[in-house]
Amino acid sequence: MAYLACGVNARVEKTRHVAVIGGGWAGMSAAVELATHGTRVTVFEAAKTLGGRARRVDSDGAALDNGLHILIGAYRETLRVIEKVSSADHGSKLMRLPLQLRLEPGFRMHAARLPAPLHVAVALAFSRGLGVAEKFAAARFMHSQKASGFQCESGLTVSALLNQYRQPDDLVECLWAPLCISALNTGPEQADAQTFLNVLRDSLAGPRSASDLLLPKTDFSNLFPDPAADYVRKNGGQVQRGMTVTSLRKLDNSFEVSAASTARYSHVILAVGPHRLEQVAGDIAQLAPQVAMVRNFAYQPIFSVFLQYPENVRLPVLMIGMRRGLAQWIFDRGQLCDQRGMLGVVISASGNHQDLPQSELAQRVHQELEQRFALPEPRWSRVIAEKRATFACTPNLQRPTTRTPVPGLFIAGDYTQSPYPATLETAVRSGLDCAQHILAPHV
Ligand SMILES: Cc1cc2nc3c(=O)[nH]c(=O)nc-3n(C[C@H](O)[C@H](O)[C@H](O)COP(=O)(O)OP(=O)(O)OC[C@H]3O[C@@H](n4cnc5c(N)ncnc54)[C@H](O)[C@@H]3O)c2cc1C
């Protein structure tokens, strides 16, 4: 195979040139994997900032994120790609904590430093805020799921599954509902039970480290997409920001991609996010089934409310859940990323908060926090509403595969077929999968 020497130690292959459309976590993972193997790659990202739905948002000098994300130890591939593109200091970008849940008022659970599955069993046994009956019900539920290989009948919602196993209301409110909403971004009444069980299997019922929480100490573009772009460039690729792809055409043995100019590529990875798929690939007739599948998706929002208090304001711990009300999770960004006095509040999935003007939403969230933590008035607040944060993870949802009927054309993104809901790990794995299809086409 012909190679073109270039950059650091890279040897870049001349024959393949892959266009990756979309510089989110899926697209950048694909680009990193291709560049690692000496394949020429060009990333097109419409926005000025890389990262898509997990990116930095600059707000009057403060680096915020479009959403307060959390990673878990089970995100094996995500952690691997972050490590790959980071310099020696990558360890300092993530804070790793054993699983701990604190929900106000009253619920506390902290994973024990014991081998799995004892770490969760002991955490549950010694949790505060649940009665003995609730603890037994939770243990019975996990035991039954383990016995049945974390498989349930298809078409079931999480609520229906929890009802089948007679899970008490208090337990649902403290444990199962917050886990379901955080992981699937869909309320238990609508969420797919099998996807929920897949998440439980690979986190709570996995090795101890799988349930660890990993909280970013930096903004989300800096955590992976920006260093990934540097890595791609050093290995002979290109990353073009602020470059929207306006058309994609299939030619006999290649693809024509039009952005500011038009060029040909041997392969294309569509990594644009589900609601943009039709816009970019709608002219390719063979992709009609995939486009139709995605057109049927419903979406769920995530709102993030940032409140800047005086610098001495500090929460008792860096992440606290709220049981009732609008605010679901509160992060102390002072303890996390040295933004002292700033609290970030997550409101996942749909709800009445969507109808409130943003200033009123911020005020209502402040009032809720103020009642529990006795806070002064915030100096400023900012609401970031991601109305299509993820697809609604409902039963029997058809998701497209990364391979398409068009040779050389692949789809990457958190909405592609996977045992998992829309997460960073799903996005990263889909990107790596597309790259592998190109690198080893016959496997
Ligand atoms: C507020 C919020 C909170 C979240 N919290 C978590 C969490 O805690 N944990 C977790 O694991 N996941 C979380 N998620 C989900 C996670 O962010 C997504 O699953 C992941 O970022 C999706 O990545 P992606 O690459 O598949 O898609 P995207 O991030 O949507 O990337 C697609 C990219 O394509 C670009 N693009 C679109 N059209 C074009 C075009 N024509 N030309 C060029 N570029 C184009 C877009 O600008 C975008 O950058 C959250 C999401 C949100 C919104």
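Report whether or not PRO378 is farther than 30 Å from ALA427 by Cα, in contact with a His (Cβ under 7 Å, 6 or more places away or on another chain) and modelled with pLDDT of 95 or more.
So PRO378 passes the test.
In segment 245-271, how many are surrounded by fewer than 16 Cβ atoms within 10 Å (Cβ to Cβ), within 13 Å of the ligand (Cβ to nearest atom) and not in a strand (DSSP E or B)?
2
Yes or no, residue by residue, for (1) within 16 Å of the ligand (Cβ to nearest atom); (2) farther than 15 Å from THR404 by Cα; (3) assigned to a helix (DSSP H, G or I); (4) not assigned by TED's automatic domain parsing to the domain that holds ILE269:
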position	(1), (2), (3), (4)
GLN286	no, no, yes, no
GLN290	yes, no, yes, no
PHE306	yes, yes, no, yes
GLY321	yes, yes, no, yes
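Determine which single condition PRO227 fails, assuming it passes every other condition in (1) more than 14 Å from the ligand (Cβ to nearest atom); (2) assigned by TED's automatic domain parsing to the domain that holds PHE107; (3) touching a residue at least 12 places away in the same chain (Cβ under 8 Å).
The number of the failed condition is (2).
Please enumerate the residues belonging to segment 71-83 that are out of contact with any Phe, Trp or Tyr (no Cβ under 8 Å at 6 or more places or on another chain) and near the ligand (Cβ under 10 Å from one of its atoms).
Residues satisfying the conditions are LEU71, ILE72, TYR75.
From the list GLN335, GLN339, GLN279, pick out the single residue that is farther than 17 Å from GLU386 by Cα, touching a Lys or Arg at 6+ places or on another chain (Cβ under 6 Å) and either within 11 Å of the ligand (Cβ to nearest atom) or outside the structural domain of MET243 (by TED's automatic domain parsing) (or both).
GLN339
Scan segment 99-125 and report the pairs whose first residue is under 27 Å from ALA147 (Cβ atoms) and whose second residue is surrounded by 17 or more Cβ atoms within 10 Å (Cβ to Cβ) and polar (S, T, N, Q), with Cβ atoms within less than 6 Å and a gap of 6+ or a chain change.
That search, which allows pairs on different chains as well, returns LEU99/SER211; MET109/SER127.
How many residues are in contact (Cβ under 8 Å) with a residue 60 or more places away in the chain and closer than 18 Å to GLN145 by Cβ if we restrict to segment 179-207?
Residues meeting the conditions: 15.
Hey, among the residues in segment 363-399 that are among the aliphatic types (A, V, I, L, M) and closer than 16 Å to VAL345 by Cβ, which one's nearest to the ligand (Cβ to nearest atom)?
ALA389
Name the single residue, out of those in segment 56-84 being closer than 26 Å to PRO419 by Cα and in contact with an Asp or Glu (Cβ under 7 Å, 6 or more places away or on another chain), that is surrounded by the fewest Cβ atoms within 10 Å (Cβ to Cβ).
GLU77
Any residue in segment 385-397 that is touching a residue at least 12 places away in the same chain (Cβ under 8 Å) sitting within a Cβ distance under 6 Å of a residue that is within 9 Å of the ligand (Cβ to nearest atom) and part of a loop (DSSP other than H, G, I, E, B)? List the pairs, counting only those 6 or more apart or interchain.
GLU386/GLY67; THR390/ASN185; THR390/ALA422; PHE391/TYR415; PHE391/ALA422; CYS393/PRO421
As an exercise: evaluate GLN194 against (1) modelled with pLDDT of 95 or more; (2) outside any helix (DSSP H, G or I); (3) over 18 Å from the mean Cα position of the chain (by Cα); (4) not assigned by TED's automatic domain parsing to the domain that holds LEU34 and give the number of the one condition it does not meet.
(2)
Which residue is nearest to PRO441 (Cα to Cα), if the candidates are limited to segment 38-65 and must be in contact with a Lys or Arg (Cβ under 8 Å, 6 or more places away or on another chain) and within 14 Å of the ligand (Cβ to nearest atom)?
Of everything passing the filter in segment 38-65, GLU45 is nearest to PRO441 (Cα to Cα).
When you look at VAL239, is it outside any loop (DSSP other than H, G, I, E, B), near the ligand (Cβ under 10 Å from one of its atoms), of a type outside the set (S, T, N, Q) and more than 19 Å from the chain's Cα centre (by Cα), yes or no?
So VAL239 does not fit the description; no.
Do we have any residue at all in segment 400-421 that's buried (at least 24 other Cβ atoms within 10 Å of the Cβ), more than 22 Å from SER304 (Cβ to Cβ) and within 9 Å of the ligand (Cβ to nearest atom)?
Taking every residue of segment 400-421 in turn, at least one turns out to be buried (at least 24 other Cβ atoms within 10 Å of the Cβ), more than 22 Å from SER304 (Cβ to Cβ) and within 9 Å of the ligand (Cβ to nearest atom).
Looking at ALA385 and the list (1) more than 28 Å from VAL18 (Cβ to Cβ); (2) at pLDDT below 95, which single condition is not satisfied?
Of the numbered conditions (1) more than 28 Å from VAL18 (Cβ to Cβ); (2) at pLDDT below 95, the odd one out for ALA385 is (2).
Would you say ALA35 is touching a strand residue (DSSP E or B) at 6+ places or on another chain (Cβ under 9 Å), more than 12 Å from the ligand (Cβ to nearest atom) and not in a strand (DSSP E or B)?
In short, yes.
Would you confirm whether any residue within segment 332-352 is closer than 30 Å to PRO400 by Cα, β-branched (Val, Ile, Thr), in contact with a Leu (Cβ under 8 Å, 6 or more places away or on another chain) and assigned to a loop (DSSP other than H, G, I, E, B)?
No, that holds for no residue.
Restricting attention to segment 4-20, which residues are touching a Gly at 6+ places or on another chain (Cβ under 7 Å) and either in a strand (DSSP E or B) or modelled with pLDDT of 95 or more (or both)?
Listed by number, the residues that qualify are ARG11, VAL12, GLU13, VAL20.
Quick check on segment 130-151. Is at least one of its residues touching a Pro at 6+ places or on another chain (Cβ under 8 Å) and under 25 Å from ALA298 (Cβ atoms)?
No, that holds for no residue.
The values are calculated or read from the model by the stated rules, or taken from the named source; none is laboratory data. All figures in this text were calculated on a predicted structure; none of them were measured in a lab. So basically every Cβ, Gly included, is an ideal-geometry build from the backbone, and we count neighbours across all protein chains shown.
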